[in-house]
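Right, one structure below, let's go through it.
Bear in mind that the values in this text are calculations on the coordinates, not laboratory data. Note that the coordinates shown come from a computational prediction; the quantities given were computed from them, not determined experimentally. Every residue, glycine as well, gets a Cβ built from its backbone with ideal geometry; the counts of neighbours run over all protein chains shown.
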Amino acid sequence: MALWLFVFLAVISLVSALGVIVQRNPVHCLLALVLTILALAVLFIALDATVVGFLQIIVYAGAIMVLFLFVIWLLNLQAETGPTGSLALKFFGTIASAALVAELWSFLLRPHLKVKYVGESASYGTLGALSQKLFTDYLIAFEATSILLLAAIVGAVALARRAPGQRDSRQGSLP
Amino acid sequence: MSSIPLTWLLGLSAAIFAIGVAGMIMRRNILVMFMSIELMLNAVNLAFIALAHRLGSMDGQVIVFFVMTVAAAEAAVGLGIIISIFRNRETVQADDLTLLRW
């Protein structure tokens, strides 16, 4: 990966990640989040994780973000300009995250972290190599994931559906 | 393909994670707090991918695959909870949801 590509993607992802937390309108936050995810997906592909990069675009930037957008529009929150936390909260949030990033960076600068680059096989990052791992070493985890997704579907439907006889208080006159 | 130092990639990951933490602390809108969680998950994914690339191992990519799956399940259930809360309480501000506060 060329240096300029990394710098370009890092700047985009950092600026849009900041956009997620400083925008007041939830739709703008969501669009900034999509930009962050797309920049990270390009970074994944540049790091030879081709399949995971495309899955990131399809699953994250596609499915999950559309789910968020759907909920924002369903709840009619797109014009919301409510308070975004008190001044003390902002102060402590800034201090806490600055301390966290300083600690992590100081850890990264220690010499013991210098991992040697060992090179990679020709099939690294391809769909075949990923499936090979998924269906041999991680088979039980893969099957457990399918059960998790089934439970999530049932749980989401059970949570979001209206109980029989219950009326939405905002639309009381509607059937 | 190894011209980018591992430290820079992990540093970018740490910075995005810290931004997610800051959003989680500062924002009071549940939806935006949820987006901050997604931001943190993506930062961790970047660390996994960078280390997997450096070690030449596919295991990190498999873990990222599982993280994405769990994030999808989490988003479905979490947004269901948000819809349910909004239907009952007419708000998505975390400061208004103090029923369990002592």
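Note on chain B: helix-only mean residue ellipticity at 222 nm, from DSSP H runs of 4+ residues weighted -39500 (n - 2.57) and normalised by residue number, equals -27000 deg cm²/dmol.
Here is the result for segment A:1-63: no chymotrypsin sites (Phe, Trp or Tyr not before Pro) lie in DSSP coil with at most 14 other C-beta atoms within 10 angstrom of their C-beta.
Magnitude of the charge dipole for the protein assembly as shown, about its Cα centre and with charges confined to Cβ atoms of Lys, Arg (+1) and Asp, Glu (-1), is about 480 debye.
Working from label points 7 Å from Cα in the Cα-to-Cβ sense, the residue B:44 to residue B:84 distance is 2.3 nm. Across peptide B:32-44, the mean count of Cβ atoms from other chains lying within 10 Å of each residue's own Cβ comes to 5.
Rank these for me by crowding, B:101, B:28, going from fewest to most other beta carbons within 10 Å.
Details: B:101 5, B:28 19.
In order of increasing Cβ crowding within 10 Å: B:101, B:28.
Compactness check for segment B:1-101: Cα Rg over 2.2 N^0.38 Å is 1.34. Relative to the longest principal axis of the Cα atoms of chain B, helix B:6-26 runs at roughly 0 degrees. Remark on the protein assembly as shown: hydrodynamic radius 20.1 angstrom, per the Kirkwood mean of 1/r across alpha carbon pairs.
Rounded to the nearest 20 Debye, what is the dipole magnitude of segment B:32-102 about its Cα centre when Lys and Arg each give +1 and Asp and Glu each give -1 at the C-beta? Walk me through the numbers before you get to the answer.
On the way: 4 positive and 6 negative charges, 11 e Å.
Result for segment B:32-102 is approximately 60 debye, rounded to the nearest 20.
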